[in-house]
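J.: Okay, here's the structure, questions in a sec.
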């Protein structure tokens, strides 16, 4: 059965960069997956009254914002079509509309029909951040975050953030397509952040991966005065890691997401592709 990844593109008020086209196609090609790209265009409810129409011309501003959003979505989808054709990746595309507050909910709902959700994340793009959080907690699928303007290379070294928890175990299972194609896997355990369920848990996971024919090693690290998200990403990059796999901690509360420290750190300052599972 062929894996299908769904990519959700933000178009308003900030749009994804065109780099996301090449990055998403390169990523799915590495795991022999198909891609379903979705542009979510904004649909702004008209709540204007006579005074706002007279002073602000609010209906025109709404039409202008919606037209800009549609144009951005069209440009992004056209770029992905071109990249997929060059890369030989099976692609389908779709346009959806949503109010600004519901863009994340719409993305999460549609992601449930695919195997993994992709989001291009950049600092300051609150719509992309909203989509990432909604996918993580609402889709029931793993969420793969891509640094929006960064080129995705060969994901040959996968780094697993391991604390022995349920969500970490789910992330490892959800990352199977990437793990089985990696030439190296490093299991990171942060030893000074919280109590762990025993000693040597990283080596225990690495041993299990090696028993499955994979090349894996364990590496305990300390966060020190760094945030946990920063410590994990910095060490992953230091050792040549190309993708981080980790559990996503937190819960949703009517679109108000309460995040764990590591998850918040990743979403706030994404430095490499990260697969999150909840």
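J.: Mind giving me the nanometre distance, one decimal, between the label points for residue 29 and residue 126, set 7 Å out from Cα along Cα→Cβ?
T.: 3.6
J.: Please compute the modelled spin-label separation between residue 92 and residue 219, points set 7 Å along Cα→Cβ, answer in nm with one decimal.
T.: Modelled inter-label distance: 4.0 nm.
J.: Quote to one decimal, in nm, the extra length available between residue 4 and residue 65 on full extension: 0.36 nm per residue of separation minus the C-alpha distance between them.
T.: The span from residue 4 to residue 65 would gain 18.8 nm if fully extended.
J.: Could you give the length gained on full extension between residue 151 and residue 170, defined as 0.36 nm per residue of separation minus the Cα-Cα distance, in nm?
T.: The span from residue 151 to residue 170 would gain 4.1 nm if fully extended.
J.: Calculated from DSSP H runs of 4 or more alone, at -39500 (n - 2.57) each and per residue, what is the 222 nm mean residue ellipticity of the chain, nearest 500?
T.: For the chain, the value works out to -12500 deg cm²/dmol.
J.: With a 10 Å cut-off between alpha carbons and a GNM built on the chain, which of 244, 76, 91 moves the most?
T.: With Cα springs under 10 Å in the chain, the top fluctuation among 244, 76, 91 is at 91.
J.: If you average the sequence gap of Cα pairs under 8 Å that are 6 or more apart and divide by the length of region 4-147, what percent do you get for the contact order?
T.: Reported relative contact order: 33 percent.
J.: For region 157-277, count the residues as N, evaluate 2.2 N^0.38 Å, and divide the Cα radius of gyration by that value, please.
T.: Ratio of Cα Rg to 2.2 N^0.38 Å: 1.00.
J.: I need the peptides 231-237, 201-207, 36-42, 92-98 ranked by packing, meaning the mean over residues of other C-beta atoms within 10 angstrom, with the highest value on top.
T.: Per-residue mean Cβ counts within 10 Å order the peptides as 36-42, 231-237, 201-207, 92-98.
J.: What is region 79-130 by shape, rounded, prolate or oblate, if you read a ≥ b ≥ c off the alpha carbon gyration tensor as root eigenvalues and call it rounded for a/c under 1.5, prolate for a/b larger than b/c, and oblate otherwise?
T.: The shape class here is prolate.
J.: Something else about it: Principal axis extents for region 4-147, Cα atoms only, whole Å, descending order, please.
T.: 56, 31, 26
J.: I've got another one for you. Working from Cα positions, state the angle (0 to 90°, nearest 10) between the long axis of helix 19-30 and the longest principal axis of the chain.
T.: 40
J.: Then there's this: Using Cα pairs under 8 angstrom and six or more residues apart, how large is the relative contact order of region 101-224, in percent?
T.: 20 percent.
All of the numbers you see were taken from the coordinates with simple rules; none came from a lab. Just so you know, these numbers come straight off a predicted model, no measurement behind them. Methodologically, a virtual Cβ is constructed for each residue, glycine included, from the backbone with ideal geometry; neighbour enumeration extends over all protein chains shown.
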